[in-house]
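Here is the structure we will look at, set down as structure tokens.
The values are calculated or read from the model by the stated rules, or taken from the named source; none is laboratory data. It should be emphasised that the depicted structure is a prediction, and the values quoted were computed from it without experimental measurement. The accessibility values were calculated without ligands, DNA or RNA, using every heavy atom of the protein model including side chains. Shrake-Rupley method; radii C 1.70, N 1.55, O 1.52, S 1.80 Å.
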Amino acid sequence: MFILGLLLLAATGAFTGLVIAGNLSGGPEYTVSVLGQDIATMNTLAVFCSGLALALIFCAGLSAVASAAAHRRRERPRTHATHPGGPGR
């Protein structure tokens, strides 16, 4: 789950960065291109909704990484056993 979350974070960040870098000029209709390939022509509302979708995917990846890290922290085995009458009492 940790690897999948990191993969989602990296892919979303890279895709967003490439789209922003390749589409700095705009007008009422935006032609979205990534690596020289035109993907779609969108209006302002469509661009906003796709930004919301990318943010949701990014948050899902962040949540997966955080839950995997918390699970990994909880599941560590104990390095020493405590004895009822031992020196700790």
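General remarks:
- The residue that is nearest to residue 49 (Cα to Cα), counting only those in the stretch 1-20 that are aliphatic (A, V, I, L, M) and open to solvent by 80 Å² or more (accessible area, probe 1.4 Å), is 20.
Here's the yes/no breakdown for (1) assigned to a helix (DSSP H, G or I); (2) at pLDDT below 80:
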{"position": "12", "(1), (2)": "yes, no"}
{"position": "21", "(1), (2)": "yes, yes"}
{"position": "24", "(1), (2)": "no, yes"}
{"position": "53", "(1), (2)": "yes, no"}
{"position": "59", "(1), (2)": "yes, no"}
{"position": "62", "(1), (2)": "yes, no"}
{"position": "71", "(1), (2)": "yes, yes"}
{"position": "78", "(1), (2)": "no, yes"}
{"position": "88", "(1), (2)": "no, yes"}
